[in-house]
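The values are calculated or read from the model by the stated rules, or taken from the named source; none is laboratory data. In this text the structure is predicted, and so the values were computed from the model without any measurement. Virtual Cβ from ideal backbone geometry, glycine too; neighbours counted across all protein chains shown. To get the accessible areas, we keep the full protein, side chains included, count just its heavy atoms, and leave off ligands, DNA and RNA. Shrake-Rupley method; radii C 1.70, N 1.55, O 1.52, S 1.80 Å.
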Amino acid sequence: MKKIAFITGSSRGIGRAVTVRLAEEGYAVGINCLHSKALAEQLAEQLRAQGREAAAFQADVADRAAITAAIRAAEEALGGPVSLLVNNAGIAEQHLFQDVTDAFWRRIFSVNVDGAFHAIQAVLPAMLHEKAGCIVNISSIWGQRGASCEVAYSTTKAALIGLTRSLAMELAPSHIRVNCVAPGVINTDMVQVLGEETLADLARETPLGRLGTPEDIANAVAFLADERASFLTGQVLTADGGFIL
């Protein structure tokens, strides 16, 4: 199979860094966004200027028809079926649990969990036919340990870990690997809302003494996608600077 990656939620932050890293590894990359179409197209143009194959596709992962159509369009544009799927798209908000609304609970699950479900089912037929492929889900340390005021988010990220382990077992006989990266506190727009003081405290709480970067997570994804990790499946690679040790 041609090395073709589709990365959900990849116009900025971790997804953008993953896209750049995979392009460097020789993947043709499908860039996905919901709102940041200009950023996604800018990234695709940047990569093409470097001689990489890249194309951008706007779709809400929570909408099965939309994300399936985006993946099909990516396969047509890039010349083959997706061989690597990275489920990165996600949303997060902080709420006291008693203030979580039904609408927010449904929305965060529809993006963080259903989005992965939809994208995996879209790429799986070709992977099963080829008896090859790789899926990497982006979870979180809060899906491993839990987080006050982020119960909904943590629950969705725990669900992705369960999805990873169970699907890895189911797909192993078809030589399709499914793994997961659980980032710690990564310096992206999503965490900047916490404020400089809180971020400084979080850096001090991290044994390695700093916040993670999107490139740290991109490197972890690239490793799990590589043949060097060909005997790894169903694993959760915690990339958190030792935060939850």
Seminar exercise, completed: Here the residues within segment 137-186 that are open to solvent by 50 Å² or more (accessible area, probe 1.4 Å), more than 25 Å from Gly241 (Cβ to Cβ) and outside any helix (DSSP H, G or I) are His175
Problem set entry | Verdict on Glu150 being over 20 Å from Ala92 (Cα atoms) and among the charged types (D, E, K, R) | no
Exercise. If you go through segment 37-58, how many residues are crowded, with 18+ Cβ neighbours inside 10 Å and within 25 Å of Val193 (Cα to Cα)?
Worked result: 2
For this session: Restrict the check to segment 91-102 and report whether at least one residue is surrounded by 14 or more Cβ atoms within 10 Å (Cβ to Cβ) and under 28 Å from Glu25 (Cα atoms).
Result: yes
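Every residue in segment 80-112 that is outside any helix (DSSP H, G or I), of a type in the set (Ser, Thr, Tyr) and touching a residue at least 24 places away in the same chain (Cβ under 8 Å), please. Talk me through it step by step, then tell me what you get.
If we filter segment 80-112 for residues that are outside any helix (DSSP H, G or I), which is where we start, we get 80-96, 100-101.
Keeping just the survivors that are of a type in the set (Ser, Thr, Tyr) gives 83, 101.
Correct list: Ser83 only.
Among the listed residues Arg48, Arg64, which satisfies the condition of being in contact with a strand residue (DSSP E or B) (Cβ under 8 Å, 6 or more places away or on another chain), basic (Lys, Arg), more than 17 Å from Ala220 (Cα to Cα) and at pLDDT 95 or above?
Values: Arg64 fails: in contact with a strand residue (DSSP E or B) (Cβ under 8 Å, 6 or more places away or on another chain).
Sole residue among the options that is in contact with a strand residue (DSSP E or B) (Cβ under 8 Å, 6 or more places away or on another chain), basic (Lys, Arg), more than 17 Å from Ala220 (Cα to Cα) and at pLDDT 95 or above: Arg48.
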Problem set entry | Among (1) over 25 Å from Leu84 (Cα atoms); (2) open to solvent by less than 60 Å² (accessible area, probe 1.4 Å); (3) not in a helix (DSSP H, G or I) - the single one Leu208 does not satisfy | (2)
